[in-house]
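Only one structure is covered here, and it is reproduced in the block below.
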Amino acid sequence: MAPKRRAASGTKAGGKKAKEETPKPKNAFTSAKEALLAAGPQVKGKKKVDEHCPLSSNGEVHEDYDCMLNQTNIGNNNNNNKFYVVQVIKSGSSYYSWNRWGRVGEVGQNKLSEFNNVENAIKDFEKKFKDKTKNNWSDRLNFVSHPGKYTLIEVDGDENAEVKVDSVDGKSVKVTKNVLSCTLDTAMKKLIELIFSNDMFKEAMECMNLDIKKMPLGKLSKIQIAKGFEVLEEIEAAMNQKRGKARLEELSSKFFTVIPHNFGRNRPPAIDNKEVVEQKKEMLMVLADIELAQTLKSETEKAQEMVETVPHPLDQDYNSLHCRLSLMDTNSEIFKIIEKYLKATSDGYRKPKIVNVWEVDRDTEGTRFNENDKLENRRLLWHGTNIAVVAAILKSGLRIMPHSGGRVGRGIYFASENSKSACYVRTSKNTGVMFLCEVALGQEKTITKDNSSLKSAPPGFDSVVARGSVEPDPSQDTFITLEGKKIAVPQGKPISQPQFSGSHFCNSEYLIYKESQCRLRYLLELHMN
């Protein structure tokens, strides 16, 4: 039986089809909402006229009269998964009310009404909002969802314009930016373009059936993502209480209303088992890390609003990471060791081939890692991930989230075999990213059976190793020295481990439960099938 999957990064203990762990925000938080909101404020921007409106090219949303509504209902064999867009638009001296509605994923129907003054346009907007949601627009900050009605989808900001607009004597004027030449070399340009690519982010969201029209890039809301976690908690509670099919369909409808999905004309499936819940948690974590990457871009652009000369956008993206990346010489000894590690522990399925290896030095991570200076038994271990969360990992490191979990509990998962982590790498245009991390394992607790209740290493131990029936030949390990510490690096092919032949785990997994016990050392840019 395949273990459950968590959001996007890391590897889980179990067979080769095990699902991977995702880095999460700080483990000191007690709820998903606290963790998400603590990541920083939303960057708000000007609302954008719906792209399907005839006034999209020459109109603007009046103040904040813009809403996206969603309603999913799969109870009693229903198949409702629909949206409603309402906006007040100013074009020239006229004001309009724009409505568009239909099945999620389709353009749907629309209505554009012109009014002789802004008051009447607003009145029409507020009436439509009340009819569809049973809420007053003036009370939207305390929005309450009602059965059979639409729910407000919270989105923030907008895609920042390339040319900023300022105001002089009440009139809008364009501020032309003097953009400096890019200082990054060709290899770095390609990497930064890859991990900040809007097309890549959109592709990742679409692969999870998310409706990017409701949660477009630049408008992802931390609050909306946190609401999704809250509904998943309700679903878990209902399953634990053995509530019936009707209750799970009701809550599934609530989840798909809060986190809009595009199922085409198919009936949205009920979230009725723990494996699907874990998959949805993973999805929300990927979504949260995409939101973080988008926030990095938006905050940088906002800081440059009143500056006439600005760095190249790629320089801005790189600088926003607060992380130094240095391209490794392919003739260096450490490159050859890494290359051998990759080849010895990979298989023929993904066929990873090194494009570039980057040394990673995250701001402040070294200081935090030094808290474990007394811990010995250090290993260089693999950590695979979805390419959509790489920018977030470089910015914030590998993290543990309150909702994280797996066969070996709530921790950060690593593997000694590349083939294990490679199963969890999601590529873009056949390019994937994997990390090699220095992990301070200290005193290991060996287990051979699942223990999903673990939230820390047992007393007297610093880490947990779920021993697999195979392991890279320990006799072939080599050692590298980083900052005075010896670090073991596997170099041999995986061989049978007779003493663990009865283990529930095929491949060994290494678990730490303190974020400070690992440090990103190398980023591998890989060509993968």
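Annotation note: Cβ proximity below 9 Å between a residue of the range 42-68 that is under 15 Å from Ser221 (Cβ atoms) and assigned to a strand (DSSP E or B) and a residue that is modelled with pLDDT of 95 or more and of a type in the set (S, T, N, Q) (sequence gap 6+ or interchain) occurs for Asp66/Gln87; Cys67/Gln87; Cys67/Thr133.
For the range 297-343, the set of residues classified as free of Cβ contacts under 8 Å to residues at least 12 places away in the same chain, assigned to a helix (DSSP H, G or I) and under 20 Å from Leu436 (Cα atoms) consists of Glu333, Lys336, Lys343, listed by residue number.
Go through the range 497-522 residue by residue and tally those that are in contact with a strand residue (DSSP E or B) (Cβ under 6 Å, 6 or more places away or on another chain), farther than 16 Å from Ala440 by Cβ and surrounded by fewer than 24 Cβ atoms within 10 Å (Cβ to Cβ). Count: 6. Among the residues of the range 274-291, the ones that are closer than 20 Å to Leu194 by Cα and in contact with a Pro (Cβ under 9 Å, 6 or more places away or on another chain) come to 3 in all.
Here Leu248, Leu325 are screened, and the one residue that is more than 30 Å from Gly102 (Cα to Cα) and surrounded by 15 or more Cβ atoms within 10 Å (Cβ to Cβ) is Leu325. Check whether at least one residue in the range 215-230 is assigned to a helix (DSSP H, G or I) and over 29 Å from Leu321 (Cβ atoms), and report yes or no. Yes: the range 215-230 contains one or more residues that are assigned to a helix (DSSP H, G or I) and over 29 Å from Leu321 (Cβ atoms).
Every listed requirement among (1) surrounded by fewer than 22 Cβ atoms within 10 Å (Cβ to Cβ); (2) touching a Ser or Thr at 6+ places or on another chain (Cβ under 7 Å); (3) in a loop (DSSP other than H, G, I, E, B) is met by Glu471 save one, (3). If the condition is being among the polar types (S, T, N, Q), surrounded by fewer than 24 Cβ atoms within 10 Å (Cβ to Cβ) and either out of contact with any helix residue (DSSP H, G or I) (no Cβ under 8 Å at 6 or more places or on another chain) or under 18 Å from Ile195 (Cβ atoms) (or both), then the range 383-442 contributes Ser396, Thr427, Ser428, Asn430, Thr431.
Could you tell me whether the range 174-187 includes any residue that is under 30 Å from Arg267 (Cβ atoms) and either at pLDDT 90 or above or surrounded by 16 or more Cβ atoms within 10 Å (Cβ to Cβ) (or both)?
Keep residues of the range 174-187 that are under 30 Å from Arg267 (Cβ atoms), which gives none.
Within the range 174-187, none of the residues are under 30 Å from Arg267 (Cβ atoms) and either at pLDDT 90 or above or surrounded by 16 or more Cβ atoms within 10 Å (Cβ to Cβ) (or both).
If you go through the range 86-122, how many residues are in a strand (DSSP E or B) and touching a Pro at 6+ places or on another chain (Cβ under 7 Å)? Residues meeting the conditions: 1. Against the list (1) surrounded by fewer than 24 Cβ atoms within 10 Å (Cβ to Cβ); (2) closer than 30 Å to Leu296 by Cβ, the condition Lys445 fails is (2).
Residue-wise test of (1) touching a residue at least 12 places away in the same chain (Cβ under 8 Å); (2) under 15 Å from Asn78 (Cβ atoms).
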| position | (1), (2) |
| --- | --- |
| Ile225 | yes, no |
| Ile235 | yes, no |
| Gly244 | no, no |
| Phe256 | yes, yes |
| Gly264 | yes, no |
| Pro268 | yes, yes |
| Val276 | no, no |
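In the condition set (1) assigned to a helix (DSSP H, G or I); (2) farther than 27 Å from Pro459 by Cα, Ser516 is compliant with all but (2).
Residue-wise test of (1) crowded, with 23+ Cβ neighbours inside 10 Å; (2) not in a helix (DSSP H, G or I).
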| site | (1), (2) |
| --- | --- |
| Phe263 | no, yes |
| Asn266 | no, yes |
| Pro269 | no, yes |
| Asp272 | no, yes |
| Val276 | no, no |
| Gln279 | no, no |
| Val286 | yes, no |
| Asp289 | yes, no |
| Thr295 | yes, no |
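Do you know which of the residues in the range 476-508 that are closer than 23 Å to Phe335 by Cβ and outside any strand (DSSP E or B) is nearest to the chain's Cα centre (by Cα)? Quick ask: steps written out before the conclusion?
Taking the range 476-508 and keeping what is closer than 23 Å to Phe335 by Cβ, we get 476-494.
Narrowing the set further to residues that are outside any strand (DSSP E or B) leaves 476-477, 483-484, 490-493.
Working: Gln476: 36, Asp477: 34, Glu483: 32, Gly484: 35, Pro490: 30, Gln491: 32, Gly492: 34, Lys493: 33 Å.
Among those residues, the one meeting the criterion is Pro490.
Return the total of residues in the range 443-455 being at pLDDT 95 or above, among the hydroxyl-bearing types (Ser, Thr, Tyr) and either touching a helix residue (DSSP H, G or I) at 6+ places or on another chain (Cβ under 8 Å) or in a loop (DSSP other than H, G, I, E, B) (or both). Of the residues in the range 443-455, 1 are at pLDDT 95 or above, among the hydroxyl-bearing types (Ser, Thr, Tyr) and either touching a helix residue (DSSP H, G or I) at 6+ places or on another chain (Cβ under 8 Å) or in a loop (DSSP other than H, G, I, E, B) (or both).
The number of residues in the range 483-494 that are out of contact with any helix residue (DSSP H, G or I) (no Cβ under 9 Å at 6 or more places or on another chain) and surrounded by fewer than 17 Cβ atoms within 10 Å (Cβ to Cβ) comes to 3. When the residues of the range 105-146 are filtered to those that are modelled with pLDDT of 95 or more and among the β-branched types (Val, Ile, Thr), the one that is farthest from the chain's Cα centre (by Cα) is Val118. Against the test of being among the aliphatic types (A, V, I, L, M) and in contact with a His (Cβ under 8 Å, 6 or more places away or on another chain), the options Val408, Val355 yield a single qualifying residue, Val355.
The values are calculated or read from the model by the stated rules, or taken from the named source; none is laboratory data. Predicted model, so just to flag it, every value in this text is computed and none were measured. Every residue, glycine among them, receives a Cβ derived from its backbone with ideal geometry; neighbour counts consider all protein chains shown.
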